[in-house]
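So the structure is just underneath, and the comments pick up after that.
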Amino acid sequence: MVRSCHLSFDRGPMGDTYHSSRTRRRVRAALTMCGVCLLTCTSSLSAQPRHGISAFGELHYPPDFRHFDYVNPDAPKGGELRLPGFGTFDSLHPFIRKGRAAEGADLYRNYIYDRLTARAKDDPSARYGLLAETIERAKDGSWVEFVLRKEARWHDGNPVTADDLLFTFNTLRTKGTPLLKMYLMRVAKAEKRGPRTVRFLLRNPRDIRLPLSLADLMVLPKHYWEKRDFERTTLEPPLTSGPYRVSSVEPGRKVVFERVKNYWGEHLPVNVGRHNFDTIVRDFFQDNDVRLEALKAGELDFALETVSKTWASGYDFPARKQGHFVLETIKTEAPATMRLLLFNTRLPKFRDRRVRKALVYAFDREWKNRVQTHGVYVSSDSHFARSELAQRGAPSATERSLLEPFRDQLPKELFEREFKIPRTSGKGRNRDNLRVAMRLLREAGYRVREGQLVDGKTGKPFTIDIMLDAATRTRMTLLYANALERLGIQVTMRVVDTSQLFNRRRSFDFEMLYGYFRGRTMPGTELRSYFNSKAADSPNTLNYAGVKNPVVDAMIERVIASRSHTELVTASRALDRVLLWGYYGIDLGHTKGWNYAYWNRFGHPPKHPRFEPGFPHAWWIDPAKDARTREAMGR
């Protein structure tokens, strides 16, 4: 903050200034001190423009870096990549809440839209300039400024300008999805400071994640969208600036992307060795079995396999035995995706933590992992499993310092030991845990009458309706339903189509449903969408469980406000513990890595990124492998 310099003058009895040499010397000295003060204060407010931006410490890659460490700078360009999508779509406009944008929106957006910066998969706390040539952040955190590259172009040849960036900010803040609005409203003002320069003034200078979120912003062309209704769904391929453009669309079935031959940013260090396929085709499937057969028949090239039974036995066909088809598990240090059956805690029956804990104890996950998922999935004792952010052991002294002010709102066990999901023998007999579950239900006021669990006061039977989005999940849910019936709980299951699931989820019209939490290596504001109390009442967020816990809210803000890597780890572990001891869902486990099934026609660097497997950005068609595989397939 600039402090004012106060100059005092000696005055005579009539108020006149004495113009003595002594006075003049004092004035000159005061003015000199004021100048020094202004220079010092000004320099403290601004930092040097850089080629990237980092939340903590220095950037991993220097200004003169040639390419990311995990890419092959000499990767050949060419060929076609065919990927599966699931469900359907009625829009190519993923920035608004209306319609159903094409599945895999991140892949879709990252390929056709350029962001201000690019992420390095081995440096999660940093971003490196893409559309932005330089990024400058005030030392006091009050603003962040982006200078766009003069060579940046839209696919129609027009330059990307500060007006485009301002249009993007103002439009998404008023008409974008709730998640976009949520973080853009944390910006007090956006100022155009030149034809290629925009400065964002931040409401909270301590919000060190917001500059990274702004650096992730995809820029939209003002001259294109000014002639269109931004709030309407559309299947018209949009004007973009990225390495790919949408070349054709079959509504609900297929989107085809083609690599832009004269892409303006092809030779930037953040793009070298990436975007190697000439064409990327995404075919959409309503049924997972049909998707599997299409992959085995060679109609698709690649799939990230999430169905454990399919991974364990679905690819037992001649091409795999002959080496033409590959199953590969790539392990990273990134948090695993946590899959859960979530309780809708907005409903009275699930508000009691003892009831939720009882329902967690009733689930025999060891038997499920051994028999149904064939050992592919393992139990998740953390929302950040496989990463350093996961809770481990009893809380450390620094974790306790965060949690101690809320001791009266937290279970005593949280301060004493590590959270562990109830374990079983894995033999299908879960008697001990079911006895614990029944004791907890009695403590919560429930009784068994004529074989039914009922509310002890009203006599109303305890029933549960579980909503599923795929028939493949019914086997796992049947196992759980059988266990609940032993407690006297009546269970119904229903498989709904994607559009019905979307609408019922948005209106909170469910009791239990399948959900997930995708942890990040550097968690931040997305945690509010998953777990914040305000998000519990807002449609189109990810807080399906309806978590409303002031301690969770406080820990989320501590994560977001972390000013060092150590603080981030401590706050994330504290948040992890509060959520786990709250029993908001039933863990369904996570995979040991990324399970990739693909035809053996690809090359990829021997070194994978630390936090992501690098597909498809750093992969390419290997001509020799491709020829052998095509010959074996009779093509």
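What follows is calculated from the coordinates using simple rules that are stated; it is not laboratory data. For clarity, every value in this text was computed on a predicted model and none was experimentally measured. Methodologically, a virtual Cβ is constructed for each residue, glycine included, from the backbone with ideal geometry; neighbour enumeration extends over all protein chains shown.
How much FRET efficiency would the formula 1/(1 + (r/R0)^6) give for F508 and R97, where r is the Cβ-Cβ distance and R0 is 22 Å, rounded to 0.05? Computed FRET efficiency for F508 and R97: 0.90. Counted residue by residue at 0.36 nm each, then reduced by the alpha carbon distance between them, the extension gain from R66 to D278 reaches 74.0 nm. Sparse packing (at most 13 other Cβ atoms within 10 Å of the Cβ) combined with a DSSP loop state is found for the following GluC sites (Glu not before Pro) in region 237-334: E299. Label-to-label distance for L201 and N540 is 2.8 nm, based on points extended 7 Å past Cα in the beta-carbon direction. Which part of region 269-299 falls in the paramagnetic zone of M633, meaning amide N under 13 Å from the point 7 Å along Cα-to-beta-carbon? Only 281, 294-299 fall inside the zone, counting backbone N under 13 Å.
With a cut-off of 18 Å, note down the residues of region 270-297 whose backbone N falls inside the zone around a label point 7 Å from the Cα of S247 toward its beta carbon. Residues 275-284 fall inside that zone. With R₀ set to 41 Å, the beta-carbon distance separating E231 from T492 gives a calculated FRET efficiency near 0.60. Backbone phi angles across region 155-163, fed through the Karplus curve with coefficients 6.51, -1.76 and 1.60 (θ = phi - 60°), yield HN-Hα couplings of 5, 8, x, 6, x, 7, 10, 4, 4 Hz in residue order; Gly and Pro are listed as x. On the basis of the beta-carbon distance and an R0 of 41 Å, D455 and T174 show a calculated FRET efficiency of 0.30. In this label model, A397 and Q48 are separated by 3.8 nm, measuring between points 7 Å along each Cα→Cβ vector.
Working from Cα pairs under 8 Å separated by at least six residues, relative contact order for the chain is 18 percent. Pairs from the list K150/K261; K412/K460; K457/K548; K98/K175; K139/K222; K309/K592 with a Cα-Cα gap above 21 Å: K412/K460; K457/K548; K139/K222.
Working note: Debye formula, equal point scatterers on the alpha-carbon atoms of the chain, no solvent; log10 I(q)/I(0) at q = 0.07 Å⁻¹ is -0.52.
Calculated [222 nm] ellipticity per residue, helices only, for the chain: -8000 deg cm²/dmol; basis is -39500 (n - 2.57) per DSSP H run with n ≥ 4, divided by all residues, nearest 500. Rounding to the nearest 10 and keeping the result within 0 to 90°, find how far the Cα-based axis of helix 431-443 lies from the longest principal axis of the chain. Here the helix axis deviates by roughly 60 degrees. Extending 7 Å from Cα along the Cβ direction at F415 and again at E299 yields two label points whose distance is 6.1 nm.
For region 537-635, the residue among H565, G582, N543 whose Cα projects farthest onto the positive side of the dipole built from Cβ charges is H565.
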